[in-house]
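A.B. asks: Below are the structure tokens for one structure; questions will follow.
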Amino acid sequence: MKSDIELIDSNGKRLDGRGPEDLRPIKIEAGVLHRADGSCYLEWGGNKVLVAVYGPREAIPRHSQNPLRAIVNAKYNMAAFSVEDRKRPGPDRRSREISKVISEALEKVILTEQFPRAAIDVNIEVLDAEAGTRCAGLTAAGVALADAGIPMTDIPVSCAAGKIDGHVVADLGKEEDNFGDADLPVAISPRTDEVILLQMDGHLTLDEFNKAFDLAVNGCHVVSEIQKKAILDKYQSASEAE
Ligand code: UDP
């Protein structure tokens, strides 16, 4: 949707004062829930996301079991109160799509073949939404899986980039998502830069796409450091308490 709002000024400053490559502030805490096998609470700009991991456990119903590997059930849920206009509770087309792409992304890094016939549940609850919730949810899921001790090749991480008023920028905020020209959420395995999720909403030229993709991957590496610190902090404070 186009608007009369100027999303970026002639000095390259965005509505919230960020430069084109800057991310919104991010806070991550691992192990916030006591009954889940692993958990994470994440704030990213105005987004607030809680993730709980349960499993690996025997997959039920039995016909859902894969004899060769675990199945990964990521379930993304946007709370009714998380958005400006109350969202109708329960799954819809959008949340099913996001659950599917996040499940597929997580399957790329989890060593699922170590747990035949098992299921790993990843519950992603969006409590406050301000654009970029799938990236926030996947990033928090990576930390919660690590907290659960699920073997992975890497901690998956996600960040978006996009285009506003003709400029390619990292990590779109709410107005930028609503009134911008394109949004490109990306998730990677940061050790190898293997892409595990890539979606695009809107239009980009090939040059713009390449620029946005590079910005998103750079953003992923910034967020990856915050993920690692959150996990270290949890285990450092746990060992100090012993
Ligand atoms: N949104 C909303 N109501 C909805 C779905 C989305 O207000 O039913 C808002 C919410 O702030 C969300 C943003 O629109 O973060 C962008 O949604 P999108 O589908 O692009 O996914 P996201 O960027 O959150 O991954």
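A.B. asks: Checking residue 139 against (1) farther than 24 Å from residue 95 by Cβ; (2) in contact with a Leu (Cβ under 9 Å, 6 or more places away or on another chain), only one condition comes out false. Which one?
C.D. replies: The failed condition is (1).
A.B. asks: Looking at the range 76-87, I want the residues that are in contact (Cβ under 8 Å) with a residue 24 or more places away in the chain and have a partner that is charged (D, E, K, R) and in a loop (DSSP other than H, G, I, E, B) with Cβ atoms under 6 Å, at least 6 apart or on another chain. Which pairs are those?
C.D. replies: The qualifying pairs are 78/87.
The rows are residues; the columns are (1) surrounded by 19 or more Cβ atoms within 10 Å (Cβ to Cβ); (2) closer than 30 Å to residue 234 by Cα; (3) among the aliphatic types (A, V, I, L, M); (4) within 14 Å of the chain's Cα centre (by Cα).
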{"position": "10", "(1), (2), (3), (4)": "no, no, no, no"}
{"position": "21", "(1), (2), (3), (4)": "no, yes, no, no"}
{"position": "27", "(1), (2), (3), (4)": "no, yes, no, yes"}
{"position": "45", "(1), (2), (3), (4)": "yes, yes, no, yes"}
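A.B. asks: Among the residues in the range 51-58, are any within 16 Å of the ligand (Cβ to nearest atom) and not acidic (Asp, Glu)?
C.D. replies: The initial filter retains those residues of the range 51-58 that are within 16 Å of the ligand (Cβ to nearest atom), namely 51.
In the following step, the residues that additionally are not acidic (Asp, Glu) were identified as 51.
Within the range 51-58, one or more residues are within 16 Å of the ligand (Cβ to nearest atom) and not acidic (Asp, Glu).
A.B. asks: Let me confirm something: among 207, 193, which residue is loosely packed, with under 11 Cβ neighbours inside 10 Å and more than 23 Å from residue 154 (Cα to Cα)? Outline the logic, then answer.
C.D. replies: Details: 193 fails: more than 23 Å from residue 154 (Cα to Cα).
The unique qualifying residue is 207.
A.B. asks: Take residue 16 and tell me if it is out of contact with any Asp or Glu (no Cβ under 7 Å at 6 or more places or on another chain), assigned to a loop (DSSP other than H, G, I, E, B), surrounded by fewer than 16 Cβ atoms within 10 Å (Cβ to Cβ) and touching a residue at least 60 places away in the same chain (Cβ under 8 Å).
C.D. replies: Working: out of contact with any Asp or Glu (no Cβ under 7 Å at 6 or more places or on another chain): yes; assigned to a loop (DSSP other than H, G, I, E, B): yes; surrounded by fewer than 16 Cβ atoms within 10 Å (Cβ to Cβ): yes; touching a residue at least 60 places away in the same chain (Cβ under 8 Å): yes.
Taking the combined requirement at face value, the residue satisfies it.
A.B. asks: Now for a different question. How many residues does the range 65-95 hold that are more than 12 Å from the ligand (Cβ to nearest atom) and either part of a helix (DSSP H, G or I) or surrounded by 15 or more Cβ atoms within 10 Å (Cβ to Cβ) (or both)?
C.D. replies: So the count comes out to 9.
A.B. asks: Then there is this: I'd like to check something: does the range 150-169 contain any residue that is surrounded by fewer than 24 Cβ atoms within 10 Å (Cβ to Cβ), closer than 23 Å to residue 32 by Cβ and out of contact with any Gly (no Cβ under 9 Å at 6 or more places or on another chain)?
C.D. replies: Yes, because at least one residue in the range 150-169 is surrounded by fewer than 24 Cβ atoms within 10 Å (Cβ to Cβ), closer than 23 Å to residue 32 by Cβ and out of contact with any Gly (no Cβ under 9 Å at 6 or more places or on another chain).
A.B. asks: Still on this structure, I have one more. Which residues, counting only those in the range 100-117, are surrounded by fewer than 21 Cβ atoms within 10 Å (Cβ to Cβ) and either within 16 Å of the ligand (Cβ to nearest atom) or closer than 17 Å to residue 153 by Cα (or both)?
C.D. replies: In the first step, residues of the range 100-117 are kept if they are surrounded by fewer than 21 Cβ atoms within 10 Å (Cβ to Cβ); the result is 100-101, 103-104, 107-108, 111, 113-114, 116-117.
Correct list: 100, 101, 103, 104, 107, 108, 111, 113, 114.
A.B. asks: Can I ask one more? What's the number of the condition residue 120 fails, among (1) farther than 19 Å from residue 195 by Cβ; (2) crowded, with 24+ Cβ neighbours inside 10 Å; (3) of a type outside the set (Gly, Ala, Ser); (4) within 11 Å of the ligand (Cβ to nearest atom)?
C.D. replies: Looking at each condition in turn, residue 120 falls short on (4).
A.B. asks: Here is a check on your reading of the model: is residue 238 modelled with pLDDT under 95, touching a Gly at 6+ places or on another chain (Cβ under 9 Å) and farther than 11 Å from residue 157 by Cα?
C.D. replies: Numbers: modelled with pLDDT under 95: yes; touching a Gly at 6+ places or on another chain (Cβ under 9 Å): yes; farther than 11 Å from residue 157 by Cα: yes.
Criteria met by residue 238.
A.B. asks: Could you give me the residue pairs with C-beta distances under 6 Å whose first residue belongs to the range 36-60 and is on the phi > 0 side of the Ramachandran plot, whose second residue is surrounded by fewer than 23 Cβ atoms within 10 Å (Cβ to Cβ) and acidic (Asp, Glu) wherever it lies, and which are 6+ apart or on separate chains?
C.D. replies: Taking only residues 6 or more apart or on different chains, the pairs are 45/130; 55/121.
A.B. asks: Can you name every residue in the range 23-59 that is more than 22 Å from residue 224 (Cβ to Cβ) and of a type in the set (Phe, Trp, Tyr)?
C.D. replies: Selection gives 54 alone.
The values are calculated or read from the model by the stated rules, or taken from the named source; none is laboratory data. Everything quoted here is computed from the prediction, not taken from an experiment. Positions of Cβ are generated from backbone atoms using ideal geometry, with glycine treated the same way; all protein chains shown enter the neighbour counts.
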